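**Q** Would you mind keeping the following structure in view while I ask a few things?
The values are calculated or read from the model by the stated rules, or taken from the named source; none is laboratory data. For clarity, every value in this text was computed on a predicted model and none was experimentally measured. Backbone-built Cβ (ideal geometry, glycine too); neighbour counts: all protein chains shown. In case anyone asks, the SASA skips ligands and DNA or RNA and just uses the protein heavy atoms, side chains included. Shrake-Rupley method; radii C 1.70, N 1.55, O 1.52, S 1.80 Å.
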Amino acid sequence: FYLFFFSSAPAFSFIYIGGSVEIPNLTYTNDLNDPTSQKFLLQAKAIQNYLAETYESSFLGKYYLESVVAAFSEGQSGLQAYFWNIFWAP
């Protein structure tokens, strides 16, 4: 009599979650409309770093891969940043 147990790890998938955040102490300017402008790149990098620090220090940190700022617009009381996050999770 033989008894075999097969265990498989849960399947992992890429999970993309989009969102936006308004930053009240920053102002939208026209150069933020160009994703190749120095201002866009610097502002995007700062927000991406903030999101990374936030996720990496949370319970989602073990699944978090990256955040990408895709666009900016004028918000009601500041700069609106549109982003998506990538996770690798079961």
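**Q** List the chymotrypsin sites (Phe, Trp or Tyr not before Pro) within segment 24-90 that DSSP assigns to loop and that have no more than 11 neighbouring Cβ atoms inside 10 Å.
**A** PHE59
**Q** Give me the distance between the Cα centres of segment 12-46 and segment 61-81, rounded to whole Å.
**A** With segment 12-46 and segment 61-81 each reduced to a Cα centre, they are spaced 5 Å.
**Q** Search the structure for amide H atoms under 5 Å from the amide H of LEU26, placed 1.01 Å from N in the peptide plane, and list their residues when 5 or more places away or on another chain.
**A** The list, which skips near neighbours in sequence, is LEU79.
**Q** Could you look at segment 20-89 and say what percent of its accessible area is carbon and sulfur, using a 1.4 Å probe and all protein chains?
**A** Looking at segment 20-89 in its full context, I get 54 percent from C and S.
**Q** Using a 1.4 angstrom probe, figure out how much accessible area the chain has per residue, in square angstrom, rounded to the nearest whole.
**A** That works out to 73 Å² for each residue.
**Q** So how tilted is helix 38-56 from the main axis of the chain? Cα-based, degrees 0 to 90, rounded to 10.
**A** Helix 38-56 sits at roughly 40 degrees to that axis.
**Q** So, one more: If amide H atoms are built 1.01 Å from N in the plane of the peptide, which residues on other chains or at least 5 residues away come under 5 Å of the amide H of ALA71?
**A** TYR82
**Q** Output wanted: per-residue J couplings in Hz (rounded whole) for segment 61-66, from phi through Karplus 6.51 cos²θ - 1.76 cosθ + 1.60, θ = phi - 60°, x for Gly and Pro.
**A** Result, ordered by residue: x, 6, 9, 6, 10, 6 Hz.
**Q** Size of the chain along its principal axes in angstrom, Cα-based, largest extent first?
**A** 75, 23, 19
**Q** What accessible area, in Å² to the nearest ten, does a 1.4 Å probe give for LEU26?
**A** Here the accessible area works out near 50 Å².
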